[in-house]
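Taken together, the values in this text are just the output of simple stated rules run on the coordinates, not laboratory data. Predicted, not measured: the structure shown is a model, and the values here were computed from it. All Cβ positions, even for glycine, are placed from backbone atoms using ideal geometry, and neighbour counts span all protein chains on display.
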Amino acid sequence: MTTHSVAVIGGGPAGLMAAERLASSGHRVSVFERMPTFGRKFLLAGKSGLNLTHSEDYARFRTRFGAGLPHLAAALDGFTPSDMREWAAGLGIETFVGSSGRVFPTTMKASPLLRAWLRRLEGSGVTLLARHRWKRFSENGALLFETPKGEKTIRADATLLALGGASWPRLGSDGAWQPWLQDRGVAVEPFRPANCGFDVEWGADFANRFAGEPVKAVSARSDGAQVQGEFVVTRTGIEGSLVYAHASALRDGLERNGTAALFLDLTPGRTAAALETAIAKQGGKTSLSNLLRKAAGLSGVKAALLREVGGSTLPRDPAALARAIKSLPLRVVRPRPIEEAISSAGGVALSEVGTGFGLRAMPGVFVSGEMLDWEAPTGGYLLTACFATGLAAAKGVEDWLAARN
């Protein structure tokens, strides 16, 4: 096999996975990372427990990628959640399935896995170059980098881009690459926050009293299925896993209609009929606080949330009050800034890439990870797809180089 030089730009999971595959095929691989160290967002993801993937039935797992699935399916099939666990085991990192079905390293941390991975990459001949900020393509297609020693020009037989999206720019993913691809005729969709919190127009008293309070044992729906979980009240709105599960629907609703709401069920373990009966038994003279506490088991932040949203129109009629408790319309006004989002939607339009994630407008240039316009919920789906697209793009590079020989 002919050996070629491949430049991988971006030292996150997608780029490192691509480099591993390409090096194993005998190519000369260099990974260029703008930050002082590799995998910074990967390390942040593991700060409270590295959620590598999810153990749910694979057919269900695939549905989590929504409109992006037709473009991601082959890559996901080529690197499944089971493959992720086997890959981690190959680095000496054992994994376990948590009560939620999420898969974690037994150590829970990202740093041991990343250290072992980087050692293996260097041992396989991969050149890791930190503090190399890609600036743009030159007129003749060379890669221009800014380094501590000045500008550097790199020529490679193929280039694989893994520069991430636009969330957490302080960790290296700032979307600055967009105009460089657009100048070469590549269509790029605007970045939007995904898996993010939302602003809510709280009253001052509610925000001052309950900011930081978790709202547990609730379920919610937007324009999709009812999801159970919890979220946190913030001074400006709401954050947390239950909110992230509905983030794309809420964001899209705001963009489309100018309004969106999360419909909360504050008592997911009880039916509306049972709740109505319990409320009716309390009688009309019971104070609202006692009524909510005795009949619905609501107090603290849940009761306050019902009052905040329902306001002066909160009904006392048993049927109407039960409906309000079971479907409380919490209206959101805007997503939090993309800099705060866990991930982003937008990026290189999926119609721009062919088999192997090669850019149709730029032969020899391949893209992977969050640079592509797809999104998925938290729970290991994002990370798995970054690994999977990095691997698939590396295979695309191999096929393209082989065809040129």
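Hey, any idea what the orientation-averaged projected area of the convex hull of the chain's Cα atoms comes to, in nm²?
21.7 nm²
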> What full-extension length gain, to one decimal in nm, is calculated for Ala74 and Asp223 as 0.36 nm per residue of separation minus the Cα-Cα distance?
Replying inline: 50.8 nm
> Rg (Å, one decimal) plus Dmax (Å, integer) for the alpha carbons of region 132-196?
Replying inline: 13.2, 40
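Write down, largest first, the equivalent ellipsoid semi-axes of region 198-335 in whole Å, where each equals the square root of 5 times an eigenvalue of the alpha-carbon gyration tensor.
Values: eigenvalues 129, 52, 35 Å².
They are 25, 16, 13 Å, listed from largest to smallest.
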>> What whole-number distance in Å separates the alpha-carbon centres of region 152-189 and region 321-381?
In response: 17 Å
> At q = 0.21, 0.29 Å⁻¹, what log₁₀ I(q)/I(0) does a Debye calculation on the Cα points of region 275-319 give, no solvent, two decimals?
Replying inline: -0.65, -1.18
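Please give the charge dipole size of region 198-335, origin at the Cα centre, charges +1 on K and R Cβ atoms and -1 on D and E Cβ atoms. Round to the nearest 20 debye.
520 debye
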> For helix 13-24, what angle does its Cα long axis make with the longest principal axis of the chain, in degrees from 0 to 90 and rounded to 10?
Replying inline: 30 degrees
> Thr63 to Arg155: FRET efficiency via 1/(1 + (r/R0)^6), r the Cβ-Cβ distance, R0 45 Å, to the nearest 0.05?
Replying inline: 0.60
> What is the antiparallel percent of DSSP beta bridges lying wholly in the chain, to the nearest 5?
Replying inline: 70 percent
>> With the crude spin-label approximation of a point 7 Å out along Cα→Cβ, what separation in nm comes out for Asp317 versus Arg334?
In response: 3.8 nm
> Using a Gaussian network for the chain with springs between C-alpha atoms less than 10 Å apart, which of these wobbles most: Gly123, Gly12, Gly346?
Replying inline: Gly123
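After finding the eigenvalues of the alpha carbon gyration tensor for region 79-181, what semi-axes result from the square roots of 5 times each, listed largest first in whole Å?
Details: eigenvalues 220, 59, 36 Å².
Gyration-tensor ellipsoid for region 79-181: 33, 17, 13 Å.
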> Helix 81-90: angle to the longest alpha-carbon principal axis of the chain, degrees 0 to 90, nearest 10?
Replying inline: 60 degrees
> So what does the Cα-only Debye profile of region 280-382 read at q = 0.16, 0.17 Å⁻¹, as log10 I(q)/I(0), no solvent term?
Replying inline: -0.79, -0.84
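Calculate, in nm to one decimal, what Arg131 and Asp183 gain on full extension: separation in residues at 0.36 nm each, minus their alpha carbon distance.
Values: separation 52, 0.36 × 52 = 18.72 nm, distance 2.48 nm.
Roughly 16.2 nm would be gained on extension.
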> For the residue pair Ala402 and Thr271, what label-to-label distance in nm results when each label sits 7 Å from Cα along the Cα-to-beta-carbon direction?
Replying inline: 6.0 nm
